[in-house]
Ligand code: SF4
């Protein structure tokens, strides 16, 4: 392949190889002063095929169903190590990706404003880069040194009356681990420093030693309540790499279950926000409704978390088998959902707490590459379902919702709008199934993965866009699998959203984003 | 208890239809069906058991099932079992996740902060032996590699009723020994 040539791999995916001196310029061109979106950024260790280390930056542009991928080749070996030109000064959304690349591959972003370690907590000696392909799991384990754990580099806020509140990693509730440092003045949070990646499980490297079929199980376990979205995005990537199109029934079932997952998450999240304001009855109602949906999940797929359904080439459960019965359940849930939302919006004491809490401006959301509910509640119209129609979404009539204000209230109401939309999509698919308009196989017989293939896969999960990049080696086995969870984009928003709020509102604001630790930590 | 009262209040208007509940539970009350008995805590803990849940790097599905135990459908509090915020108040550590390298120290400290007599339950397949993450450079392959474990609850994730039944069983078993 000639240098700098743009070639098409799949219908909406183009790769363009550039040299280090062109990298910044090319990324800036695609970023288009903030009109373009950086979807993900990652490195690949291709030394064994003689191509050295490469860096991929994936961009898309609103209104265009196209992913433009810049591939940086020939990284420079300098005295301090191997470096690449940082794009963070121009594209702030790149900041975490570049730090992650530095930790995992030992490639240093030159010109990054804050190149501190992100993922590994100093648990390994310098020079250990887990995602390099010439070091094994066992070798890395042998080098682990827990005593070296280093969490010291917190941002210090100085001034009269400012004090620090450290929280975690083991929290008071039944939630995931992370360490937070609040710098507060009285009750008001001035700054929040969040140290994450406590649940880092080496997932990306684990993918490399599994087969593509087996990898589904791992994708399902990236983040518990996004099990289906993650495995769907993963399968999507593998199928695109293999160049196969799914039968209509398989596409409809995946779409159906993606919406069912969104629904139980959104309803659960709306209920959990009540826990954030101490509104126990709202919380209980939300939990009941969520539990009912989990029961439906189990009845349809055998799993409360919709696991074991996705496979490259389709689905393993014919979820649309009894559309009439499922339709009755969904109708019942719709009624309960409506009265739940009416009840909540009528509860002034609860709703008042949401108003103006945890404001996230559109500018910050855009600059940091926010996704999903967090982005749409701050006025950014970004929904993979409509921007890049896939599965059965192109055949459905629905709109993606936005709210303008960016506070907890907007995030709650946006979820309410989207849950109603999901219910409508579920019903529409069930009606079509009832009318026998979705007949066909639920999976392809087999999916042949080509050697040296690569592709992106994506879905709109409950928390926002989820991307997977997969590539295969000469043997047709996984060479690189890079998941990009929605929460990886949204965690950096937190310090901005809590700034100026009172400490007791933090749980509420946190719940309004409902970010995944495990998905982001990977 | 509060959750029970709440359930009675809101249940009147919007109770789950019996068929749905039964579908989830098998028959009748889900936790009773799973073997839980009110006041059945045995000698060690009497009628009250306090649990500190520790996420040691799980995928988060296990925590959601633990959380579900406190919702009005399961309402585990009515059996004298509740989740607490501090290990200092806990009788049981319910640990989920394969124990990521970054959480090993925190788990050890939590264990030391829990007063005896105490029980440790490894909840979920990955807490037992690393599960799907087994062998990864970033995990320790199970809770018992880091702190002593008294019981394991299998499943990925174990359903809420299964977690509750597991907790009950280990309480009963340890009461008999001592
Ligand atoms: S046992 Fe399964 S569900 Fe539970 S934390 Fe581990 S991977 Fe997740």
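Here, each number is a calculation from the coordinates, and none is a lab measurement. Owing to the predicted nature of the structure, the values given are computational and were not obtained by experimental measurement. Heads up, the Cβs are rebuilt from the backbone with ideal geometry, glycines too, and the neighbour counts pull from every protein chain shown.
Determine the relative contact order of region A:203-484: mean sequence separation of Cα pairs under 8 Å and six or more apart, normalised by residue count, in whole percent.
Working: 500 pairs, mean separation 86.8, N = 282.
Averaging sequence separation for qualifying contacts and normalising by length gives 31 percent for region A:203-484.
Any idea what the alpha-carbon Rg over 2.2 N^0.38 Å comes to for region A:129-225?
Ratio of Rg to 2.2 N^0.38 Å for region A:129-225: 1.48.
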Practice problem: Based on other C-beta atoms within 10 Å, arrange A:86, B:86, A:520, B:100 from fewest to most. | Solution: B:86, A:86, A:520, B:100
Quiz prompt | Extension gain from residue A:245 to residue A:164, taking 0.36 nm per residue of separation minus the Cα-Cα distance | solution = 23.7 nm
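Note the per residue figure in Å³ for the convex hull of the C-alpha positions in region A:368-503.
Numbers: hull volume 18.6 nm³, N = 136.
Hull volume over Cα atoms, normalised by residue count, gives 136 Å³.
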Exercise. With viscosity set to 1.002 mPa s and temperature to 20 °C, compute the Stokes-Einstein D of region A:180-225, Rh being the Kirkwood radius across alpha carbon pairs; µm²/s, no decimals.
Key: 158 µm²/s
Quiz item: In peptide A:203-209, how many Cβ atoms from other protein chains are near each Cβ within 10 Å, on average?
Solution: 3
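Normalised radius of gyration for region A:203-484, please: alpha carbon Rg relative to 2.2 N^0.38 Å, two decimal places. Can you show the working numbers first?
Details: Rg = 19.1 Å, N = 282, 2.2 N^0.38 = 18.8 Å.
For region A:203-484, the normalised Cα radius of gyration comes out at 1.02.
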Practice problem: Taking the Cα atoms of region A:460-522, report the difference between the largest and smallest coordinate on each principal axis, in whole Å and largest first. | Solution: 56, 18, 15
Quiz item: Averaged across the residues of B:139-147, what count of C-beta atoms belonging to other chains lies within 10 Å of each residue's C-beta?
Solution: 1
Quiz item: Zone of residue A:110 (label point 7 Å along Cα→Cβ, backbone N under 13 Å): which residues in region A:73-96?
Solution: A:74-87
Quiz prompt | Cα-Cα pairs of region A:242-307 separated by more than 14 Å (percent) | solution = 64 percent
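By the gyration tensor of its Cα atoms, with a ≥ b ≥ c the square roots of the eigenvalues, what is the shape of region A:6-143: rounded for a/c under 1.5, prolate for a/b over b/c, or oblate? All intermediate terms of the calculation are to be shown ahead of the outcome.
Details: a/c = 1.93, a/b = 1.60, b/c = 1.21.
Judged from the Cα gyration tensor, region A:6-143 comes out prolate (a/c at least 1.5, a/b above b/c).
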Quiz item: Using 1/(1 + (r/R0)^6) with R0 = 25 angstrom and r between the beta carbons of residue A:78 and residue A:217, what's the FRET efficiency to the nearest 0.05?
Solution: 0.05
Self-check item: Order of A:366, B:103, A:210 - criterion: other Cβ atoms within 10 Å of each residue's Cβ, fewest first
Solution: A:210, A:366, B:103
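Work the Kirkwood hydrodynamic radius out for region A:82-160: mean of 1/r over every pair of different alpha-carbon atoms, inverted, in Å. Intermediate values should be presented prior to the final figure.
On the way: mean 1/r = 0.0718 Å⁻¹.
About 13.9 Å, per the Kirkwood formula over Cα pairs.
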Quiz item: Can you give the relative contact order of region B:14-174 as a percent, counting alpha carbon pairs under 8 Å and 6+ residues apart?
Solution: 25 percent
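I'd like the Kirkwood hydrodynamic radius of region B:14-174, using the inverse of the mean 1/r over distinct C-alpha pairs, in Å.
On the way: mean 1/r = 0.0628 Å⁻¹.
The Cα-based Kirkwood calculation yields 15.9 Å.
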Quiz prompt | For region A:289-345 and region A:21-67, distance of Cα centres in Å | solution = 38 Å
Quiz prompt | Sorted by Cβ neighbour density within 10 Å, fewest at the top, the residues A:133, A:376 | solution = A:133, A:376
Quiz item: If you take the alpha carbon radius of gyration of region A:187-306 and divide it by 2.2 N^0.38 Å, what ratio comes out, to two decimals?
Solution: 1.33
Quiz item: Can you give the calculated 222 nm mean residue ellipticity of chain A, where each DSSP H run of n ≥ 4 adds -39,500 (n - 2.57) and the sum is split over every residue, rounded to the nearest 500 deg cm²/dmol?
Solution: -12000 deg cm²/dmol
Quiz item: Give or take rounding to whole Å, what are the principal axis extents of the alpha carbon atoms in the protein assembly as shown, in descending order?
Solution: 74, 63, 52
Quiz item: What average number of partner chain Cβ atoms lie no more than 10 Å from the Cβ of the residues making up B:65-72?
Solution: 5
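Give me D for region A:279-405 in µm² s⁻¹, whole number, from Stokes-Einstein with Rh from the Kirkwood sum over alpha-carbon pairs, 20 °C and 1.002 mPa s. Don't skip to the answer; put the middle values down first.
On the way: Rh = 17.9 Å.
Calculated translational D: 120 µm²/s.
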